[in-house]
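Here the structure is laid out as structure tokens; the discussion comes afterwards.
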Amino acid sequence: MTNITRRHFGIMAGASLSALGLPVLSAPSLAQGKPRVVVIGGGPGGATAARYIAMESKGAIDVTLIEPQKTFTTCFFSNLYVGGFRDYKSLTHNYDKVKKGGVKVVHSLATSIDRDKKQVVLAGGVKVPYDRLLVAPGIDLKFDSVPGYSEKAAEVMPHAWKPGAQTQLLVKKLNALKDGDQIVMIAPPNPYRCPPGPYERVSMFAHVLKKKGHTKSRIVILDPKPAFSKQGVFTEGWEKHYPGMIEWQDPKIHGGIKGVDAKTGEVKTDFTNYKPALVNVIPAQHAGKIARDAGLTNQTGYCPIDAASMKSTVDPNIFVVGDASIAGEMPKSAFSANSQAKVAAMVIRAELTQSRAFPARYSNTCWSLIAPDDDIKVGASYEPVDGAIKASNAFVSQRNESADLRKQNYKESVDWYNGITADIFG
Amino acid sequence: MRRAMPARISAALLLAMGGGAALCLLAPSAQGADAELGRYLSSECTTCHGASKSDSTIPIIHGLGEVHFVEVIKAYRDKALPNPVMQNIAARLGDEEIAALAAYFATAKKPK
Ligand SMILES: Cc1cc2nc3c(=O)[nH]c(=O)nc-3n(C[C@H](O)[C@H](O)[C@H](O)COP(=O)(O)OP(=O)(O)OC[C@H]3O[C@@H](n4cnc5c(N)ncnc54)[C@H](O)[C@@H]3O)c2cc1C
């Protein structure tokens, strides 16, 4: 049974983390003052964790958040910006309320982690000591996973899989298309940030073309995967709203993605040479550099964690949440990152201030917009089972749902965005 | 014991959460509810409910009467109310956890 029973609690009330199966650490050297938590990365994972630790410890823990950017533009809902449903500004958030919540925000890049000395080194050489470190740098793109693709090539063939200028470039190119132009998207292999994201984006491409009155434009998705998230309902939606416009090719159809040429604008597969007006390349991904450099990743390129705490299995003083972690069956999403951050924050507080520890509870829902007022969703609850994070009660939108329900989903997604961004950034 | 929501309590009414204030008068005392547990579990709710306004599809739950809260969550758990996101959240909540959450939200203020 997964319910937290009162008996369970009796055991845990003794502040015994070992009852949770967590390694118990000796109390940090508190003699010098408050315990110190440092957080690397001010996205959904890092900012949530920093805020919750500061808020819930009521000043008993010193929390420093390291994030180079002064504002954070969300990748989530960036597809709605592509589709013209949101403006760019509405996706951008600042750290004012994070600071007001008692977090010291240092706008700098963490360049390395000295795990022996338990300190983070910032660009410029400043060293920030920690008792516990939470690492949430998100993903880096493996540009060379698509032959011919590079950071430079992304200036003409945007990935727009990290927020900011790339997303704006993609929108500019999309809006400049003429009827009859072709778009090719190269979709990423698993595991990657936001499983339904590429297909929601294609829906938004199609919506923009349809709205402009295009009848001859076509979108080709070259996928290295044999199947994708919410495939049945996406495909149904594409046939309904954009008949004949979108063609999805799995490896059996395209025979293999041979590469791109940014100079000529070409995309080659085993069977075909394309010369599209817009190429969107979403390459393979791995954990952010700082996590890889610190030796927190394994052969998968992501960071293994303890399922009950989000603690790195490599270093007991470090936690990893969000896209950089290997969170079992949880998808890489802002919702997941936010949920994992709360578990890590609870465990870190328990370790540093002997506050009560509770069993880990995770959840996720991802909404995707196919067309105006036609929104689908997928979600599940997650818990540690035999050392890995496992899904239960999974649900996904079904074919032939009523227009009312899909419209309700859309409204719900907008309310979710307001809720989660307030939870992350205050 | 899981109890089905009486059919006469309409889903629309519950979703609007309008009945909270009236039902609150009948609420049992929060004695026995585990406040710390309620606070921890509430962070899952805050993800979506923390910024709700009166006209949101995701209703305001801060300040909701306890009896009403318990009834609605149990109705989701029993799938007597339709939204799969909420059915999913409610599915793994035990009665004590629901009571702890209800006690927490009855007095909690929405984050500013
Ligand atoms: C098109 C698209 C649509 C999406 N839609 C959804 C959606 O609808 N719902 C959903 O839940 N998710 C969605 N996502 C996924 C979501 O954006 C990510 O899963 C989420 O941002 C991950 O959060 P994170 O905190 O792990 O990493 P990030 O958001 O990447 O944040 C990491 C932060 O760390 C900082 N950082 C990195 N390295 C360092 C360093 N060395 N020092 C200091 N700081 C550093 C970065 O500047 C960044 O601010 C979408 C993603 C895309 C691309």
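The values are calculated or read from the model by the stated rules, or taken from the named source; none is laboratory data. Remember, predicted model here, so these are calculated numbers, not experimental data. Neighbour counts run over all protein chains shown; Cβ positions are idealised from the backbone, glycine included.
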> Among all residue pairs at least 6 apart or on different chains, which show Cβ distances below 8 Å where the first residue, located in segment B:73-91, is facing chain A (nearest Cβ under 8 Å) and the second is among the basic types (K, R) and buried (at least 20 other Cβ atoms within 10 Å of the Cβ)?
Replying inline: B:P84/A:K377; B:V85/A:K377; B:Q87/B:R77; B:A91/B:R77
> On the given criteria, is A:S392 touching a helix residue (DSSP H, G or I) at 6+ places or on another chain (Cβ under 9 Å) and within 16 Å of the ligand (Cβ to nearest atom)?
Replying inline: no
> Name the pairs: first residue in segment A:193-212 and free of Cβ contacts under 8 Å to residues at least 60 places away in the same chain, second residue within 15 Å of the ligand (Cβ to nearest atom), Cβ to Cβ under 8 Å, at least 6 apart or on different chains?
Replying inline: A:V202/A:M185; A:V202/A:I221
> How many residues are more than 10 Å from chain B (Cβ to nearest Cβ) and on the phi > 0 side of the Ramachandran plot if we restrict to segment A:394-426?
Replying inline: 1
>> Contact list please: Cβ distance under 9 Å, first residue in segment A:349-374 and under 21 Å from A:V63 (Cα atoms), second residue among the polar types (S, T, N, Q) and surrounded by fewer than 22 Cβ atoms within 10 Å (Cβ to Cβ), pairs at least six apart or on different chains.
In response: A:R349/A:S57; A:R349/A:S355; A:L352/A:S57; A:T353/A:S57; A:S355/A:S57; A:A357/A:S16
> When segment A:40-63 is examined, which residues are found to be in a strand (DSSP E or B) and within 11 Å of the ligand (Cβ to nearest atom)?
Replying inline: A:I40
> From the list A:H93, A:H107, which one is within 14 Å of the ligand (Cβ to nearest atom) and either over 30 Å from A:K377 (Cα atoms) or without any contact (Cβ under 8 Å) to a residue 12 or more places away in the chain (or both)?
Replying inline: A:H107
> more than 24 Å from the chain's Cα centre (by Cα) and β-branched (V, I, T): does that describe A:I183?
Replying inline: yes
> Among A:T74, A:T64, which is modelled with pLDDT of 95 or more, among the β-branched types (V, I, T), within 28 Å of A:G197 (Cα to Cα) and surrounded by fewer than 24 Cβ atoms within 10 Å (Cβ to Cβ)?
Replying inline: A:T74
> What pairs come up if the first residue lies in segment A:132-143 and is in the same structural domain as A:K118 (by TED's automatic domain parsing) and of a type in the set (S, T, Y), the second is within 9 Å of the ligand (Cβ to nearest atom) and not in a strand (DSSP E or B), and their beta carbons are under 8 Å apart, counting only those six or more places apart or on different chains?
Replying inline: none
> Applying the selection to segment A:80-120, what residues are closer than 15 Å to A:D62 by Cβ and part of a helix (DSSP H, G or I)?
Replying inline: A:V98, A:K99
